[in-house]
Amino acid sequence: MDVPQPQPLPDPARIAKLALDAAVLVHQSGGDTARTTATLDRTARALGARRVDAIVSSLSLGVTVSVDGRQETALRRAPHMGVNFRVLSGVNRAVNALEAGRVGANGFATLLDDLESYPHYYPAWLVAVFVGFACGAFAALFHGDLMAVAITSIGAALGMRVRQLLAMRHFKPFVFAPAAAFVATLVVGLLQGLTGTPQAALAASVLFLIPGVPLINGAADLLSGSYLNALVRLTMGAVFVVGLALGMSVALRIVV
Amino acid sequence: MSTWLISLWAAPAALGFALLFNAPPRALWAAAVLAVIGRLLRDVLMHTGIDITLGTLLAALAIGGLAELWARRVRLAAPVFAISAAIPMVPGVSMYEAVHALMKLSGLAAGQSAEPYLVDAGTGIVRAAMILLALTIGIAMPSLLMRKR
C-alpha cells in the first residue's frame, strides 16, 4: 500500500485522461448520461481538479479540467458497445475508492485496466441458453402452457445465438435484429402444433431483442434533462423494435 | 397455474437478461427476487382494480427504489438490479398483437374491411407504448431522485 501523498501540482492532462477512461467505460457499458457526467466530474475532482466542464454526447465524450490556472481539454470517441453491468459496477467502486482516498491515481488506472481486460463472466453459449429460457419464462408469464415454455426456449436460444454471431461480426442492430427475430419466430412457428397456446409462445419468442437498456436510459435522460441524448437512445430502441417487427412479420407469413 | 404462481416465472426471465447484461454472479439472485416482487406487486395492484399502466408505473417505482437501496448496500451499480428486474413486465403480448394486426392490415384484399385490424393494431400499439413508458419512467425515476448530488 502506498501512502496517498497529495501531489503539490496534479497534472491536468493526466486527470483528463483518467476521467475520460472511467467515463468511456461507463458510457459504453450502459450508464445513462447523468451517470457518465457524474463519473467524469467525480473522478476529475477526486484527482485534484478545481473546475470540471464535461460534455457527454451519444458517441463522444469531452472534458476540460482546470488546476490552478492550468487547463487541459480532451475529447474521446465512445461508440456504443454491449451492456455490461460488471464494468458499470466496477467503475462505480473504483471512483468511490478514489474519492475515499483508498487508491491513488496509479491504483485507479490499474483498476480501470483490469475492468477492460476481463469483461465477461459467462460464456456466450451459456448466455444464449439462459436468455432462451428467459423467453420461455415470458411465455409462461403470458399464460402459455409448459410446451409453450419449451418451444419458446428453443426458438429464442437459437435466435439469440444468431444475434451473438452477427453482433460479433459487427453487424448493426438493423441487420441482426430482423435476422434473429426471423429465426426465433420461424422455429417457434414450426413447432407451434405442440402447444395449446401458440400466441403466448410466438409473442415471447422475440423478447430477447427488447432494447431494455436504451429505453430505460432514454427515459432517464429525458427526466434528467439530457434531451438530445434521450432522443438518440430512444431512436436506437425504435430501430431494434422496428427490426424485430420486420423479421417477425416475415417469419409469421411463412408459418401462420 | 394460478395467477400468483405464474409471477414466479419472472425470476428466470430476469435471470436470463441479467446474464445477457453480464451482471456479477453475486447480484443474480437479488435481480430475480426483485423481478418477482415487481410482478407480484403489479398483480396485487391490478387485483384491487388499478389498470395495468398505473400498476406497472407503481411496481416499476418500487423496483427502482429497492434496487437503489440494495445497490448501495452491496456496492454495485443500481441498474444491475433495476433493469434486469424490469424486463419481466415488458408488454410482449400487446406488441405481438400489434405486429400481427399490422401484418394482416397490409395483406388485405381490395374491398375487405380494414376496421377490425386497425382497431387491433391501434389498441396494441397504444397499450404497449403506455406500459413501456410507465415501466421506463418508473425504473429511471428513483435513481435520479435518490442519487447523491
Original post:
Hey, if you drop one equal point scatterer on each alpha-carbon of segment B:25-91 and run the Debye formula without solvent, what base-10 log of I(q)/I(0) do you get at q = 0.22 Å⁻¹?
Top reply: -0.81
Original post:
If you bin the C-alpha pair distances of segment A:124-255 every 5 Å from 0, what whole percents do you get?
Top reply: 2, 13, 19, 21, 18, 12, 8, 4, 1, 0
**OP:** Based solely on C-alpha atoms, express the radius of gyration and the Dmax of chain A in angstrom.
**Re:** 22.2, 74
Original post:
Add -39500 (n - 2.57) for each DSSP H run of 4 or more in chain A, then divide by its residues: what number comes out at 222 nm, to the nearest 500 deg cm²/dmol?
Top reply: -22000 deg cm²/dmol
Original post:
Mind checking Rg over Rh on chain B, alpha carbons, Kirkwood formula for Rh?
Top reply: 1.08
Subject >> Peptide-level mean, for B:133-141, of C-beta atoms on other protein chains within 10 Å >> reply: 5
Subject >> Listed residue (A:129, A:180, A:198) projecting farthest to the positive dipole end of segment A:124-255, Cβ model >> reply: A:180
**OP:** Output the DSSP H helices from chain B with an along-axis C-alpha extent of no less than 24 Å and a mean Kyte-Doolittle hydropathy no less than 0.5.
**Re:** B:28-47, B:52-74, B:115-146
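Mean separation of Cα pairs under 8 Å and 6+ residues apart, divided by the residue count of segment A:98-236: what relative contact order is that in percent?
Details: 175 pairs, mean separation 30.7, N = 139.
Answer for segment A:98-236 is 22 percent.
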**OP:** Let me know the charge dipole size of segment A:12-117 about its Cα centre in debye, to the nearest 20, where only the beta-carbon of Lys, Arg (+1) and Asp, Glu (-1) is charged.
**Re:** 140
Subject >> Sequence-separation-based contact order of chain A, relative, with Cα cut under 8 Å and 6+ spacing, percent >> reply: 16
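Just the C-alpha atoms of segment A:30-150: what Rg/Rh do they give, with Rh taken as the Kirkwood radius?
Rg/Rh for segment A:30-150 comes to 1.16.
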Subject >> Lys/Arg +1, Asp/Glu -1 at C-beta; the protein assembly as shown dipole; positive extreme among B:93, A:85, A:52 >> reply: A:52
**OP:** Please determine, in degrees from 0 to 90 and to the nearest 10, the orientation of helix A:173-190 with respect to the longest principal axis defined by the Cα atoms of chain A, where the helix direction is its Cα long axis.
**Re:** 30
Subject >> Packing-based ranking, highest mean first, of A:149-155, A:104-110, B:45-51 given that Cβ atoms within 10 Å are counted >> reply: A:149-155, A:104-110, B:45-51
**OP:** Find the relative contact order for chain B and round it to a whole percent, using C-alpha pairs within less than 8 Å whose residues are 6+ positions apart.
**Re:** 28
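Read-outs throughout are calculated quantities, based only on the coordinates presented, and are distinct from any laboratory measurement. Owing to the predicted nature of the structure, the values given are computational and were not obtained by experimental measurement. FYI the Cβ positions are ideal-geometry reconstructions off the backbone, even for glycines, and counts take in every protein chain you see.
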